[in-house]
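The values are calculated or read from the model by the stated rules, or taken from the named source; none is laboratory data. Values in this document were obtained by computation on a predicted structure and should not be read as measured data. A quick note on method: Cβ atoms are made from the backbone with ideal geometry, for glycine too, and the neighbour counts reach across all protein chains shown.
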Amino acid sequence: MNKIKKISVIGSGYVGLIQGVGLAELGFEVVGIDIDETKVKALNKGECPLYEEGLEELLKKHVNKNLVFTTSYEPIKESEIIFLCVGTPQDKDGNADLRFLFSAVEKIKETIDKNDYKVIVIKSTVPVGTNRKVKELLKDYNVDVVSNPEFLREGIAVYDFFNPERIVLGFENLDNKKPIEIMKHVYKYFDEKGIPFIITNWETAELTKYASNAFLATKISFINELAKLSDKVKADIKTISYAMGLDKRIGNKFLNAGIGYGGSCFPKDVKALIKQFENNDIEPILIKATDIVNEEQIKWFFEKIKNYYGNLNGKTFAVLGLAFKPNTDDLRESRAIKLIDMLLENGAIVKGFDYVKKARKNATNLYKFDKSMAFYGYNIYILDDLYETVKDVDGIIVTVEYNEFNNENWEKISNLVKRKVIFDGRNILVPEKIKKFGFTYFGVGR
Ligand SMILES: NC(=O)c1ccc[n+]([C@@H]2O[C@H](COP(=O)([O-])OP(=O)(O)OC[C@H]3O[C@@H](n4cnc5c(N)ncnc54)[C@H](O)[C@@H]3O)[C@@H](O)[C@H]2O)c1
């Protein structure tokens, strides 16, 4: 096989940027294409617009060497392989919104020569049937379309790029060896490492992605529902999770009770899967319940806080954690932001903190520009220092699963707060340690 010279990666968000930088590190010549001019400019200067551990270093290492970014689709003419990594957010009905994807496909159509062979690889999470639709749109072109869903976890995305647990590849026709060979060549590094490759048809690959996310989300909703009962009957959900998790058939991952899942994937993918069932006239009983439990969980936790204080008007809270999980700046569907909104709507004053600087910056921007400071008055402050955040508050609310909170100086914190009350929405604190300093501790289901 000829050596693949240039790879184009369309979309430079969490998935596309990691894919582009990762392929550059593997020795390919990569062009990252994005419609966001500001992002492209920053990336070409080696500035990373999002936070992922190790990403900026790799970007700086390769940018303007074997990695460049542009807003132009022209470079795809010279690429045999084009990865599509654009966003597929939720539309108003809960379906996956494929506007970005189809607009990128239109641009590919306008740019490439009908006779030039290309492999178009869809990494974006797309409903069953999308790869087929894309091929249909390109039926007059000499292209193969490959489904290659992405499974990276934000927060450890660079690690995940180099150490995937599996690579799923869906093809139109498994007798057509050409695109299979090309994909195996691009992913040779992983093949040599012994990472399992699942070579299948388009529909199976597409559905595998949704099945994986929905299953993990269901595990979370299961333990969260159980936590409500545990809370009431004074059992300890953390001990229950631990004991359950020791059973290898169950496993301990995604079994921590809390205030629900957020992020750019689980909420929208669960909803999009529900829609795919409904569009096929099947009632998705279990997956619908997963979604409902998740939506209710944050409300249940908020009620717990409200019941304790009676009236939240004028009370000040330190919200520890802003992003949807640790070590990311991603605020999409963050439970912390949902909780902050509920507190603000009830007249509380919120002081927010996250260890990730970009998460704090994103939160500042969110409230300043998107939600309008005028609307909420001046009741939200995002602070750079945890001790500043807890100063004079009526309560501390933990919203992100940072183990680091346990290593903070709780004696100092106990002297700074107005009232020694903690609502641990992630069951991450060691209550015995905190209680020693006079705090009243509330967890989720414990
Ligand atoms: N973020 C994750 O952890 C994750 C994990 C697995 C799969 N996914 C899936 O991967 C896809 C991308 O997710 P993301 O989080 O990287 O999204 P993102 O919003 O961070 O990035 C998408 C990028 O695409 C760009 N874009 C939009 N339309 C474009 C076009 N026509 N041409 C070029 N660029 C365009 C946007 O400007 C943006 O930079 C989604 O389908 C998502 O569900 C995400």
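Among the residues here, residue 304 qualifies as among the charged types (D, E, K, R), in a helix (DSSP H, G or I) and more than 24 Å from residue 388 (Cα to Cα). Filtering segment 402-446 to residues that are more than 15 Å from residue 390 (Cα to Cα) and among the aromatic types (Phe, Trp, Tyr) leaves 402, 441, 442.
Of the strands (runs of 3 or more DSSP E) entirely within segment 332-446, those holding at least 2 residues that are among the β-branched types (Val, Ile, Thr) occupy 349-353, 380-382, 395-398, 421-424. For segment 344-353, filtering for residues that are more than 13 Å from residue 381 (Cβ to Cβ) and buried (at least 17 other Cβ atoms within 10 Å of the Cβ) leaves 0. The C-beta contact set for segment 35-53 (first residue over 16 Å from residue 75 (Cβ atoms) and in contact (Cβ under 8 Å) with a residue 40 or more places away in the chain, second residue within 10 Å of the ligand (Cβ to nearest atom) and outside any helix (DSSP H, G or I), distance under 8 angstrom, 6+ apart or interchain) comprises 50/13; 50/330; 51/328; 52/154; 52/155; 52/328; 53/155. For segment 421-446, a residue qualifies if it is buried (at least 19 other Cβ atoms within 10 Å of the Cβ) and of a type in the set (Lys, Arg), and the qualifying residues are 426, 446. Screening residue 254 against (1) within 30 Å of residue 360 (Cβ to Cβ); (2) free of Cβ contacts under 8 Å to residues at least 60 places away in the same chain; (3) more than 23 Å from the chain's Cα centre (by Cα) leaves a single unmet condition, (3).
Taking residues in segment 163-178 that are closer than 11 Å to residue 194 by Cα and loosely packed, with under 11 Cβ neighbours inside 10 Å, and partners anywhere that are at pLDDT 95 or above and not basic (Lys, Arg), the pairs with Cβ atoms closer than 8 Å and at least 6 places apart or on different chains are 165/151; 165/195; 165/196. Output yes when any residue across segment 377-395 is at pLDDT below 95 and aromatic (Phe, Trp, Tyr), and no when none is. Yes, that holds for at least one residue.
Hey, any hits in segment 86-107 for a residue that's surrounded by fewer than 16 Cβ atoms within 10 Å (Cβ to Cβ), more than 28 Å from residue 333 (Cβ to Cβ) and not β-branched (Val, Ile, Thr)? Scanning segment 86-107, I find at least one residue that is surrounded by fewer than 16 Cβ atoms within 10 Å (Cβ to Cβ), more than 28 Å from residue 333 (Cβ to Cβ) and not β-branched (Val, Ile, Thr), so the answer is yes.
Of the candidates 238, 209, the single residue that is farther than 30 Å from residue 424 by Cα, of a type in the set (Lys, Arg), in contact (Cβ under 8 Å) with a residue 60 or more places away in the chain and outside the structural domain of residue 90 (by TED's automatic domain parsing) is 209. If you go through segment 31-49 and keep only what is within 12 Å of the ligand (Cβ to nearest atom) and among the acidic types (Asp, Glu), you end up with 34, 36, 37. Would a scan of segment 87-104 turn up a residue that is within 23 Å of residue 5 (Cβ to Cβ), part of a helix (DSSP H, G or I) and within 27 Å of the chain's Cα centre (by Cα)? Yes: segment 87-104 contains one or more residues that are within 23 Å of residue 5 (Cβ to Cβ), part of a helix (DSSP H, G or I) and within 27 Å of the chain's Cα centre (by Cα). Counting only residues that are in a helix (DSSP H, G or I) and either more than 9 Å from the ligand (Cβ to nearest atom) or under 18 Å from the mean Cα position of the chain (by Cα) (or both), segment 105-131 holds 6 of them. Counting the residues of segment 57-86 that are more than 11 Å from the ligand (Cβ to nearest atom), in contact with a strand residue (DSSP E or B) (Cβ under 6 Å, 6 or more places away or on another chain) and part of a helix (DSSP H, G or I) gives 2.
Considering segment 143-170, the residues that are touching a strand residue (DSSP E or B) at 6+ places or on another chain (Cβ under 7 Å) and not β-branched (Val, Ile, Thr) include one that is nearest to the ligand (Cβ to nearest atom), namely 149. In segment 335-353, the residues that are free of Cβ contacts under 8 Å to residues at least 40 places away in the same chain and over 22 Å from residue 408 (Cβ atoms) reach residues that are outside any strand (DSSP E or B) and of a type in the set (Asp, Glu) with C-beta atoms within less than 9 angstrom, at least six apart or across chains, in these pairs: 348/394.
Looking at the structure I just gave you, is residue 294 in a helix (DSSP H, G or I) and without any contact (Cβ under 8 Å) to a residue 12 or more places away in the chain? Against the criterion (in a helix (DSSP H, G or I) and without any contact (Cβ under 8 Å) to a residue 12 or more places away in the chain), residue 294 does not qualify. Among the residues of segment 246-270, those that are more than 26 Å from residue 331 (Cα to Cα) and not β-branched (Val, Ile, Thr) comprise 246, 247, 248, 249, 251. Out of all the residues in segment 404-420, which are in contact (Cβ under 8 Å) with a residue 60 or more places away in the chain and loosely packed, with under 14 Cβ neighbours inside 10 Å? Hit for segment 404-420 is 418, nothing else.
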